[in-house]
Amino acid sequence: MYILVVNAGSSSLKYQLFEMEKEVVLAKGLCERIGLGESAITHKNLVTGAEHKAVVDMPTHNEATKVMIDCILDKDFGSLTDMNQISAIGHRIVQGGPWLTKPTLVTDEAIKDLNRCIVLAPLHTKPHLQGIQGCLAVMPNTPQVLVFDTSFHATIPEKASFFPIDYDVAKRNNIKRYGAHGTSHRYVANEAAKYLEKGKSAKIVTCHLGNGSSISAVMDGKVMDTSMGFTPLDGIIMGSRCGAIDPAVVPFVMEAEGISAADMGNWMNKKCGLLGVSGVSSDLRDVKKVMKGEDPNNMDKVERARLAFDILVYGIKKYVGSYTAAMNGLDAVVFTAGIGENDPDVRYETMKDMEFFGIEVDKDKCYNLKSLPAPCDISKDGSKVRIFVIPTNEELVIARDTKELVANL
């Protein structure tokens, strides 16, 4: 069975083609600058190594979908010979709201519910709908499945998901903690559970750390709490997002700086976080270069860069501690995504000095992952809590969910 996984952005279309018997990726690609002029595609056959790059006119996602399929079927660098070989399409969807809480077959009713999610995540949902329509136009008879980032977090109990605001206002406007990165948290939590004696009954804290970051408490295979909230702005400091702050700061800054409501949202999402604190960059690699005195052009910002790094580490540490208390114990901590998988400083500084919780990190292992077998366990021998570094694979989760749903059609 071949499953095509699609992730549509406002001007982009990422995709991966899976062969599901062995769960291998046959091809992957990216259509970019859709509708912006000079649109282009980059496609790679992962079996033969053949690559294809081309500038192609793609005014809408309909054209982008056709270009994607043409690449997959191309006789020189493609992977299939017939479009009908694709059994189903799985779409990565950021927000399902209270209406869509599990993988869902694309139907008229599902599209209506997804349109209701626009108000909750306008920047993501509108492009998702465009991607779905593009696939429907090109492959109208191929089953399509929606897989939601928020689904894994649907198990969060109301005491953790409900914000302490006016009850009627919250219910009327569907305001609650939805979380994000659910497919990533689900994948790494399940992988970690395989290597723990307790299996899925384990208590695990999963740390998805990248330009956008979230941390989840997973117990008995279900999410008990997660750091991102009504939107992906909540939680720890991120690349350019502020994370959790005193809500009174918002009207105060608006008045003090003369910022409108619309601009305030943009400011908290794009001008704060590592970028705002360091004054250097939203990329942690650039921040650390300045922090270590390795950037001669920003020697005046060394202390600000150090503060940004410290805020990040301290925030992760606080979530690990609070979630350990909430679950009444801890069996493992998992690091994943760009920073979690690749930054040993963040992992080590977060995990050190937590022996009280039974967490003991091995510095040599933390800084030498290539010498470790999968999954990389960077805890000390004898540590009560295991510390794993597990590469995430959200596309595989989407492909598996899609396969499971269409198998019963």
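The values are calculated or read from the model by the stated rules, or taken from the named source; none is laboratory data. Predicted model only: the values in this text are computed from it and were never measured. We place every Cβ from the backbone using ideal geometry, glycine too, and count neighbours over all the protein chains shown.
One residue alone among 160, 217, 202 is surrounded by 24 or more Cβ atoms within 10 Å (Cβ to Cβ) and of a type outside the set (Ser, Thr, Tyr), and that residue is 217. Residues in segment 346-356 that are surrounded by 17 or more Cβ atoms within 10 Å (Cβ to Cβ) and among the charged types (D, E, K, R) were compared, and the one that is farthest from residue 189 (Cα to Cα) is 349. All of (1) crowded, with 16+ Cβ neighbours inside 10 Å; (2) of a type in the set (D, E, K, R); (3) over 23 Å from residue 148 (Cα atoms); (4) in contact with a strand residue (DSSP E or B) (Cβ under 8 Å, 6 or more places away or on another chain) hold for residue 63 with one exception: (4).
Among the residues of segment 368-409, those identified as in a strand (DSSP E or B) and either touching a helix residue (DSSP H, G or I) at 6+ places or on another chain (Cβ under 6 Å) or under 13 Å from residue 336 (Cα atoms) (or both) are 376, 377, 387, 388, 389. Annotation note: Cβ proximity below 6 Å between a residue of segment 316-327 that is within 20 Å of residue 212 (Cα to Cα) and a residue that is at pLDDT 95 or above and among the hydroxyl-bearing types (Ser, Thr, Tyr) (sequence gap 6+ or interchain) occurs for 316/350; 317/350; 319/227.
For segment 268-283, a residue qualifies if it is modelled with pLDDT under 95 and in a helix (DSSP H, G or I), and the qualifying residues are 268, 269, 270. Checking residue 157 against (1) more than 25 Å from residue 273 (Cβ to Cβ); (2) modelled with pLDDT of 95 or more; (3) in the same structural domain as residue 283 (by TED's automatic domain parsing); (4) in contact with an Asp or Glu (Cβ under 9 Å, 6 or more places away or on another chain), which test does it fail? For residue 157, the failing item is (3).
Within segment 293-344, the set of residues being farther than 30 Å from residue 374 by Cβ and not in a helix (DSSP H, G or I) comprises 293, 294, 295.
Given the criteria crowded, with 22+ Cβ neighbours inside 10 Å and under 20 Å from residue 347 (Cα atoms), does residue 153 qualify?
Details: crowded, with 22+ Cβ neighbours inside 10 Å: yes; under 20 Å from residue 347 (Cα atoms): no.
Answer is no for this residue.
Scanning segment 85-114 for residues that are over 25 Å from residue 162 (Cβ atoms) and without any contact (Cβ under 8 Å) to a residue 24 or more places away in the chain returns 107, 108, 109, 111, 112. Is there a residue in segment 357-373 that is at pLDDT below 95, surrounded by fewer than 19 Cβ atoms within 10 Å (Cβ to Cβ) and either aliphatic (A, V, I, L, M) or outside the structural domain of residue 225 (by TED's automatic domain parsing) (or both)? So far as segment 357-373 goes, yes, one or more of its residues are at pLDDT below 95, surrounded by fewer than 19 Cβ atoms within 10 Å (Cβ to Cβ) and either aliphatic (A, V, I, L, M) or outside the structural domain of residue 225 (by TED's automatic domain parsing) (or both). For segment 67-97, a residue qualifies if it is within 17 Å of residue 41 (Cα to Cα) and among the β-branched types (Val, Ile, Thr), and the qualifying residues are 67, 69, 72. Inspect segment 87-95 for any residue being basic (Lys, Arg) and in a loop (DSSP other than H, G, I, E, B) and give the result as yes or no. So far as segment 87-95 goes, no, none of its residues is basic (Lys, Arg) and in a loop (DSSP other than H, G, I, E, B).
Which ones in segment 2-28 are in contact with a helix residue (DSSP H, G or I) (Cβ under 6 Å, 6 or more places away or on another chain) and either surrounded by fewer than 23 Cβ atoms within 10 Å (Cβ to Cβ) or polar (S, T, N, Q) (or both)? Within segment 2-28, 2, 9, 10, 16, 20 qualify.
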